[in-house]
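**Q** Please read through the structure below; I'll follow up with questions.
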């Protein structure tokens, strides 16, 4: 059991859109997931089935309404759904990495430091961090001439690779990856597959959304197929629905 | 373990309720943003936390190393001492915090001397170092802030506030009146200095982008009440309260 790094049980999530007359969207219903060290689970299913919602919930970015999300952090299983904000920040700093599709550029921070900060945040010395960061950027095809520039001016693909470099430069015990190869050419896609394989070989648990079947088959050990929960409900329908179910 | 805590604060201005049973906690090294529209009570909350406004009921507690104690029990002098030695306050308008007829170096040095610094040479040296830290050419140490641009004045205020090495800094719309290009520089400066110095910060802003960039945690205020709070990215990406949803959806995408 001790090799379980993520155990999510019976997650449910409904969005209430107050600005649209209280419309409710049921996105997750009784979703469970277990991920062990050194393995990768791919979230699959048509769009709208809650793949991103699940991934974001596992990061504490979305709040689930029901269920628990146990994350192994420093040898203990901690429930993310009840953890205090400071605890979640610490879990994200040390244990839980998240690769989104888009880089949130910070004004004036160079590409090199965007990546190096991921290491210094975890206690690395700045000079050593910059060296490691430079090597990772180069591996993803971001040459030295770009290292000293803030990525805000980079192309979408370059920004994505900076983002990937920032994520893969650290040895995250658990990595959540959202379409890591979305706008990459085949050569860079293969490098990202390599990086994910290396992470698994180090014992990391990966949970990802991969629309590219080639990538999914190359990296996933298991596929969790999500299905549409049902529906969109107008305000007022909620109670009736619950009664029908009861 | 909280560094600062507010318990059940209430404040009424005539018939307007500025604070309606507000409780809040802040940990060491934590950055908390208070967002909300004008009139939501966010500035009153900041001023109450900072000891500048007395609440009608409830109290603010601070841990000076011996556990949380109410700041109302410090007396006026004790509160001043706390504000000068351990706290800092960055105003939206630097003209309200700086002395326009005192040089840049003097504005920084004054704070040091108020904190007990006596050696003139050292003070000048520290002031020059702080000018550099906020990206003002140290050769301008003897210039008057009235000759500075708005962004430079704001950076000078930041230097004059941080020179005493406070552990807690209150910020009221620190990029409020500035051009967008100047804002980015100030934000980046605040972000890196706060990290480097390990400060705890309470930041009031109506700009959600500023909150996202700087804050660990966020509270949303409306009509004197806290309507939602949590991790910054969680509240902004998965807002639950109707008002927070309105606030988040009202932002123009960059």
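Values in this text are rule-based calculations from the coordinates and carry no lab data. Predicted model, so just to flag it, every value in this text is computed and none were measured.
**Q** Would you mind checking the radius of gyration and Dmax of segment B:155-246 based on alpha-carbon positions, in Å?
**A** Cα radius of gyration and Dmax of segment B:155-246 are 14.0, 41 Å respectively.
**Q** If I histogram all Cα-Cα distances within segment B:29-184 using bins 5 Å wide from 0, what percent of pairs lands in each bin?
**A** 2, 9, 17, 19, 19, 15, 11, 7, 2, 0
**Q** Also, I was wondering about something else. Could you state the angle between the C-alpha long axis of helix B:120-133 and the longest principal axis of the C-alpha atoms of chain B, as a value from 0 to 90 degrees rounded to the nearest 10?
**A** Tilt of helix B:120-133: around 50 degrees.
**Q** Then there is this: Tell me the Kirkwood hydrodynamic radius of segment A:102-171 in angstroms, computed as one over the mean inverse distance between distinct C-alpha pairs.
**A** Averaging 1/r across every pair of different Cα atoms and inverting gives 11.5 Å.
**Q** Compute the acute angle (0 to 90°) between the alpha-carbon long axis of helix A:111-120 and the principal axis of greatest extent of the alpha-carbon atoms of chain A; round to the nearest 10°.
**A** Approximately 70 degrees, to the nearest 10.
**Q** A follow-up question, please. For chain A, count the residues as N, evaluate 2.2 N^0.38 Å, and divide the Cα radius of gyration by that value, please.
**A** Computed over Cα atoms of chain A, the ratio equals 1.07.
**Q** Write down the Kirkwood hydrodynamic radius of segment A:1-131, to one decimal in angstroms, obtained as one divided by the mean of 1/r over all alpha carbon pairs.
**A** Taking the inverse mean of 1/r over all distinct Cα pairs, segment A:1-131 comes out at 16.8 Å.
**Q** Taking Rh as the Kirkwood radius, which is the inverse of the mean 1/r over Cα pairs, what is the Rg/Rh value for segment B:100-165?
**A** Result for segment B:100-165 is an Rg/Rh of 0.93.
**Q** Per residue, how big is the convex hull of segment B:9-97 when only Cα atoms are used? Give it in Å³.
**A** So the per-residue hull volume is 127 Å³.
**Q** Report Rg/Rh for the protein assembly as shown, rounded to two decimals, where Rg is the Cα radius of gyration and Rh the Kirkwood radius.
**A** Here Rg/Rh amounts to 0.99.
**Q** Then there is this: With a cut-off of 8 Å between alpha carbons and a minimum separation of six or more residues, what is the relative contact order of segment A:102-171 in percent?
**A** Reported relative contact order: 47 percent.
**Q** So what's the convex hull volume per residue for the Cα atoms of segment B:155-197, in Å³?
**A** 65 Å³
**Q** What is the distance in Å between the Cα centroid of segment B:1-49 and that of segment A:14-63?
**A** 33 Å
**Q** Could you tell me how many degrees, from 0 to 90 and to the nearest 10, lie between the Cα long axis of helix B:180-197 and the main elongation axis, the longest principal axis, of the Cα atoms of chain B?
**A** So the inclination is approximately 90 degrees.
**Q** For chain B, calculate the relative contact order in percent as a whole number, restricting contacts to Cα pairs under 8 Å that are 6 or more residues apart.
**A** 27 percent
**Q** Let me ask something else. Using Cα pairs closer than 8 Å and at least 6 residues apart in sequence, work out the relative contact order for segment B:100-165, in percent.
**A** The value is 49 percent.
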